[in-house]
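Inspection log for the structure reproduced underneath, given as structure tokens.
The values are calculated or read from the model by the stated rules, or taken from the named source; none is laboratory data. Being a predicted model, the structure only gives us computed values, none of them experimental. Glycine also receives a Cβ, built like all others from the backbone with ideal geometry; neighbour counts cover every protein chain displayed. All accessible areas refer to the heavy atoms of the entire protein, side chains included, with ligands and DNA or RNA removed. Shrake-Rupley method; radii C 1.70, N 1.55, O 1.52, S 1.80 Å.
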Protein chains: 2
Amino acid sequence: MYPIQFCILGSDEDSNLGVACEDGTGRERTVSEVIQASARRERTRQRLLDAAAEVFAEEGLDAASVEAICERAGFTRGAFYSNFESKDELFFELATRVSNEKLSAVTARLRELEASTDRPTHPAEIVGRLLDFETDDRLGVLILSEIRNHSLRDATLSASYLAWEDAMSARVARVIEDVARSSGLAPRMSADELARLFLMTWESASQRAVMMGLDNEALCAAVSDRMRALAEALVG
Amino acid sequence: MYPIQFCILGSDEDSNLGVACEDGTGRERTVSEVIQASARRERTRQRLLDAAAEVFAEEGLDAASVEAICERAGFTRGAFYSNFESKDELFFELATRVSNEKLSAVTARLRELEASTDRPTHPAEIVGRLLDFETDDRLGVLILSEIRNHSLRDATLSASYLAWEDAMSARVARVIEDVARSSGLAPRMSADELARLFLMTWESASQRAVMMGLDNEALCAAVSDRMRALAEALVG
């Protein structure tokens with residue numbers, strides 16, 4: 001698998017946590033040593049991602065060089081390249097982290113709705129309830145815009161971008177299928193096409209809100225409005 | 001009016017063509033001198049726009065400096081700044097020129113449809129007929145992506161971007177209203193909301209096609225497919 005797809009679609013790195021393996025010195029590592037090394041590696045990755053998010057938010061993708069990110073995180077270039085193939089791979093992973101947070105929050109709302117006795121029946125109301133939380137979408141919007149802009153000019157990056165976008169659409173499509181199943185509503189498009197429309201609308205509404213200088217609360221409200229209007233028009 | 005909005009929404013520069021005015025030397029210019037000066041000015045603008053499109057397509061917005069554009073067009077920086085307030089203004093005008101070409105082609109198709117005795121009645125078929133021409137959308141997609149990316153980080157530019165996007169949506173909304181009137185079809189959203197969805201879908205489908213390395217014909221076909229699916233779901 002291409003390294004970036006690996007990080008987008010999920011790595012199986014942790015699946016051999018319980019297996020004692022060779023450490024190169026001929027001595028077998030104990031299970032606890034392997035777990036510690038894996039946890040340390042994960043902390044390094046997270047610190048690099050945090051640093052990248054900060055530098056990027058302040059200065060943009062071009063200015064967020066590997067050097068600048070390492071300096072902010074307090075790591076060497078060696079540590080960077082033992083964790084990420086390239087700056088592009090790191091930014092795809094950062095975009096994935098931001099999107100995962102958003103999708104997890106939506107999924108948590110969906111489980112609450114399904115368990116509730118007071119379930120909404122109108123498409124707009126369902127979408128409103130699923131999006132009724134506040135996140136800071138500014139970083140996600142900026143990263144996506146920069147990555148896409150670069151991908152339009154770079155064939156290697158564009159393959160990764162398309163894989164990333166397809167993976168995101170597929171995850172949103174599964175949420176839509178869950179909602180359709182539990183609500184009994186019938187969308188007027190396939191779940192995949194609907195997912196792409198919802199993602200586009202989320203991004204376009206967020207971008208406009210960022211450009212209008214709206215604060216977080218107003219940004220989330222603007223996005224929710226557009227998403228509810230879309231649901232109302234496209235379902236039933 | 002802000003200079004960029006001026007160029008987006010149309011300048012009234014030519015409306016005083018027939019008026020003889022002072023040329024600064026105290027001598028009144030003749031009508032024919034004014035017309036010649038205005039035509040010369042227009043040729044200069046067009047040559048600068050052509051040069052900007054070339055340099056931008058080859059190297060991107062950042063590399064397409066005012067110097068590089070002037071060198072390509074064979075003009076001085078003075079000529080540039082007597083025509084455009086900034087590089088940003090020039091790129092908004094370039095985006096407008098590309099969009100105008102596209103919108104003019106759609107409008108021409110609409111007039112043909114309205115005059116025809118064999119008028120399609122299904123939403124997808126109508127949209128397919130309106131988009132049944134081939135243009136090179138690559139430049140437009142790249143410019144929009146770069147301008148938007150810059151606007152997300154620059155408050156002055158973002159105001160211009162929002163004005164630009166609103167003006168484009170309003171023009172597409174008028175086409176949608178015309179189609180709805182002449183076809184008797186009833187969209188499930190307001191013309192303005194529909195216009196934004198069509199513009200987003202056009203851009204997203206074009207971007208994917210560019211990233212997939214599709215040629216012009218395949219790009220136009222991919223865009224038309226997505227637009228027809230959208231029309232089918234959102235009308236009637």
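To the nearest 500 deg cm²/dmol, what mean residue ellipticity at 222 nm is calculated for chain A from DSSP H runs of n ≥ 4 alone, each contributing -39,500 (n - 2.57), summed and divided by the residues? Don't skip to the end; give the middle numbers.
Numbers: 10 runs with 171 residues, N = 236.
Taking each H run of at least 4 residues, the total per residue is -24500 deg cm²/dmol.
List the residues of segment A:178-193 whose accessible area drops by at least 10 Å² when all protein chains are present, compared with their chain alone, using a 1.4 Å probe and counting only protein heavy atoms.
For segment A:178-193, once contacts with the other chains are taken into account, A:Arg188, A:Met189, A:Glu193 lose 10 Å² or more.
Expressed as a whole percentage, what fraction of the accessible surface of segment B:46-199 belongs to carbon and sulfur atoms when a 1.4 Å probe is rolled over the protein heavy atoms?
Using a 1.4 Å probe with all protein chains present, segment B:46-199 comes out at 50 percent carbon and sulfur.
Please build a GNM for chain A, connecting alpha carbons under 10 Å apart, and tell me which residue among A:Leu214, A:Leu131, A:Leu199 fluctuates the most.
Looking only at A:Leu214, A:Leu131, A:Leu199, the largest GNM fluctuation is found for A:Leu214.
Within segment B:124-153, list the residues whose amide N lies under 20 Å from a label point set 7 Å along Cα→Cβ of A:Arg153.
Taking a point 7 Å out along Cα→Cβ of A:Arg153, the residues of segment B:124-153 whose backbone N falls under 20 Å are B:137-153.
Give me the net charge for the shell around A:Pro187: Cβ to Cβ below 15 angstrom, other residues only, Lys and Arg +1, Asp and Glu -1. All intermediate terms of the calculation are to be shown ahead of the outcome.
Details: positive: A:Arg174, A:Arg181, A:Arg188, A:Arg196, A:Arg228, B:Arg188; negative: A:Glu177, A:Asp178, A:Asp192, A:Glu193, A:Glu232, B:Glu232.
In short, 0.
Rounded to whole Å, give me the distance from the Cα center of segment A:48-88 to that of segment B:35-104.
36 Å
Using Cα pairs under 8 angstrom and six or more residues apart, how large is the relative contact order of chain A, in percent? Kindly include the intermediate steps, with their values, before the conclusion.
Details: 204 pairs, mean separation 46.8, N = 236.
That works out to 20 percent.
Please report, for B:Ala218, the nm distances (one decimal) from its label point, 7 Å out from Cα along the beta-carbon direction, to the equivalent points in the remaining copies, shortest first.
4.5
Counting only C-alpha contacts under 8 Å and six or more residues apart, can you give the relative contact order of segment B:76-190 as a whole percent?
Values: 40 pairs, mean separation 32.8, N = 115.
It comes to 29 percent, rounded to a whole number.
One decimal, nm, shortest first: give the distances between the label point of A:Glu54 and those of the same position in the other copies, each label point 7 Å from Cα along Cα→Cβ.
Result, one decimal in nm: 4.7.
Using Cα positions and a limit of under 25 Å, work out the lysines in reach of A:Lys102, with same-chain residues fewer than 8 apart set aside.
Cross-link targets: A:Lys87.
Going by the alpha-carbon gyration tensor, a ≥ b ≥ c the square roots of its eigenvalues, is the protein assembly as shown rounded (a/c under 1.5) or, if a/c is not under 1.5, prolate (a/b greater than b/c) versus oblate? The partial results should precede the final answer.
Working: a/c = 2.31, a/b = 1.39, b/c = 1.66.
Taking the square roots of the gyration eigenvalues as a ≥ b ≥ c, the protein assembly as shown is oblate.
Quick one: Cα convex hull volume of segment A:33-105, Å³ per residue?
Working: hull volume 6.9 nm³, N = 73.
Enclosed volume per residue, from the Cα hull, is 94 Å³.
Heavy-atom accessible area per residue, chain B, 1.4 Å probe: how many Å²?
48 Å²
Could you give me the ³J(HN,Hα) list for segment A:83-94, computed from phi with Karplus coefficients 6.51, -1.76, 1.60 and θ = phi - 60°, whole Hz, x at Gly and Pro?
10, 10, 5, 7, 4, 4, 4, 4, 6, 5, 5, 5
Taking Rh as the Kirkwood radius, which is the inverse of the mean 1/r over Cα pairs, what is the Rg/Rh value for segment A:39-180?
Numbers: Rg = 17.8 Å, Rh = 16.9 Å.
When Rh is taken as the Kirkwood radius, the ratio is 1.05.
Need one number: buried accessible surface between chains B and A, 1.4 Å probe, both sides summed, DNA, RNA and ligands left out, in Å² to 100.
3300 Å²
Going by a 1.4 Å probe on protein heavy atoms, which residues of segment B:205-219 end up with at least 50 Å² less accessible surface in the whole assembly than in their chain alone?
B:Arg208, B:Met211
For helix A:191-211, report the angle its Cα long axis makes with the longest principal axis of the Cα atoms of chain A; keep it between 0 and 90° and round to the nearest 10°.
Taking Cα atoms only, the helix is inclined about 80 degrees.
How many percent of Cα pairs in segment A:45-86 exceed 12 Å? Display every interim value, and only then the final one.
On the way: 431 of 861 pairs.
Value for segment A:45-86 (Cα pairs over 12 Å): 50 percent.
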